[in-house]
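Structure first, commentary second.
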Amino acid sequence: MKYALVIFETYESRHRIRTDRAAHRAAYETWIGKIAAAGRLISGDALDTGSAPATTVRKTTEAAPATVTDGPAHHGEETLGGWFVIDVADREEAVELAKGLGTLETIEVRPVLEGA
């Protein structure tokens, strides 16, 4: 089964990234390296959350034009930082892999809708 590990940065993780990017990156790369070495990693990308703000395009009705605003779609402590798609036996294995991240991000584990 394919699952998305959706990574959200927190205030604390952003602070640690700014103060010691190399250590943060090493912990992150060790974690995803283990997943890849186990043959579970399908794909993934990190988002550039530091150099430019997100732009949100929102359409509320079919008849209305879309609105465009600077900033994330959802405001709060956590910011979408990236995702990985993994291929595992079940949800429990996906959760166990997510729990192995050694940094302070939040990970949302979601099944991938295949064939969509």
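The values are calculated or read from the model by the stated rules, or taken from the named source; none is laboratory data. Everything numeric here is computed off the predicted structure, so don't read it as measured data. Cβ placement follows ideal geometry from the backbone for every residue including glycine, while neighbour counts extend to all protein chains displayed. Accessible surface is based on the protein model in full, side chains and every heavy atom, while ligands, DNA and RNA are left aside. Shrake-Rupley method; radii C 1.70, N 1.55, O 1.52, S 1.80 Å.
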Seminar exercise, completed: Residue by residue through the range 56-69, the couplings from Karplus 6.51 cos²θ - 1.76 cosθ + 1.60 with θ = phi - 60°, in Hz, x for Gly and Pro, are 10, 10, 10, 10, 9, 9, 5, 7, 8, x, 5, 9, 10, 9
Seminar exercise, completed: Expressed as a percent, the accessible surface of the range 24-116 that is carbon or sulfur, using a 1.4 Å probe and the full set of protein chains, is 54 percent
Problem set entry | Surface/4 estimate of mean projected area, convex hull on alpha-carbon atoms of the chain, nm² | 8.8 nm²
Exercise. Once phi is turned into θ = phi - 60°, what whole-Hz ³J(HN,Hα) does the Karplus curve with 6.51, -1.76 and 1.60 give for every residue of the range 94-108, x standing for Gly and Pro?
Worked result: 4, 5, 4, 5, 4, 5, x, 5, x, 10, 8, 6, 9, 10, 9
Seminar exercise, completed: Sorted on mean Cβ neighbours within 10 Å (highest first), peptides 67-74, 56-63 come out as 67-74, 56-63
For this session: Give, rounded to the nearest 20 debye, the magnitude of the charge dipole that the chain has about its Cα centre when Lys and Arg contribute +1 at Cβ and Asp and Glu contribute -1 at Cβ.
Result: 200 debye
